[in-house]
Amino acid sequence: MVGLVGRLWNLQYKSIVKEASGKALAVAKFFCVLHVTNTYLCTFALAYGPNMVLTFNLTGDMFLAERLSIKFGKVGPGDIVLLRYPESPRKVMVKCLLGLESHSVTYVVDPMKSDRRDTVVIWPPKEFGSLMKSGMKDPDL
């Protein structure tokens, strides 16, 4: 009698373990797919505040941001991009691109006080180079 109960217990235990491991594997696969999708394909983002009021609501809008355009170099002026805050890398900010490298961008300097405009050229490649060549010295030396 003890042998029969032991075998039944063993069969039931194996069945429970098999079912639990199957469900755990399904959950692990789901999270893997979710991670790959969020990292490489698209992600949900929340835009709120006065920064993007012309495009999104002031109280906040949730949107789906795709991640493929940047990998294929298909980003241009007018596109909305997600950036990490320099001071707090866990936070994400939403910005609208005004221009790319070597584009000129004209903007109103202080819209509340005057209509004065200024034009800048974005990331001039001619300015890149070694700090030693520019004549700048390290203040710690």
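Residue check: is Lys23 of a type in the set (Lys, Arg), outside any loop (DSSP other than H, G, I, E, B) and over 26 Å from Val121 (Cα atoms)?
So Lys23 passes the test.
Select from region 94-141 the residues that are among the basic types (Lys, Arg), modelled with pLDDT of 85 or more and assigned to a loop (DSSP other than H, G, I, E, B) and list them in ascending order.
If the condition is that a residue be among the basic types (Lys, Arg), modelled with pLDDT of 85 or more and assigned to a loop (DSSP other than H, G, I, E, B), then Lys113, Arg116 are the ones that fit.
Would you pick out the residues in region 36-62 that are hydroxyl-bearing (Ser, Thr, Tyr) and farther than 16 Å from Leu83 by Cβ? Steps first, please.
Of all residues in region 36-62, those hydroxyl-bearing (Ser, Thr, Tyr) come to 37, 39-40, 43, 48, 55, 59.
Listed by number, the residues that qualify are Thr37, Thr39, Tyr40, Thr59.
Residues of region 61-93 being within 13 Å of the chain's Cα centre (by Cα) and part of a strand (DSSP E or B), which ones?
Selection gives Phe63, Leu64, Ala65, Glu66, Ile80, Val81, Leu82, Leu83, Arg84, Val92, Met93.
Working only within region 31-60, note down all residues that are open to solvent by 40 Å² or more (accessible area, probe 1.4 Å), polar (S, T, N, Q) and not in a loop (DSSP other than H, G, I, E, B). Steps first, answer last, please.
Going through region 31-60, the residues open to solvent by 40 Å² or more (accessible area, probe 1.4 Å) turn out to be 31-41, 44, 46, 48, 50-51, 53-55, 57-59.
Adding the requirement that they be polar (S, T, N, Q) leaves 37-39, 51, 55, 57, 59.
Within region 31-60, Thr37, Asn38, Thr39, Asn51 qualify.
Output the residues belonging to region 63-81 that are exposed (fewer than 11 other Cβ atoms within 10 Å of the Cβ) and among the hydrophobic types (A, V, I, L, M, F, W, C).
Leu64, Leu68, Phe72
The values are calculated or read from the model by the stated rules, or taken from the named source; none is laboratory data. Everything numeric here is computed off the predicted structure, so don't read it as measured data. So basically every Cβ, Gly included, is an ideal-geometry build from the backbone, and we count neighbours across all protein chains shown. Calculation scope for accessible area: heavy atoms of the full protein, side chains included, ligands and nucleic acids excluded. Shrake-Rupley method; radii C 1.70, N 1.55, O 1.52, S 1.80 Å.
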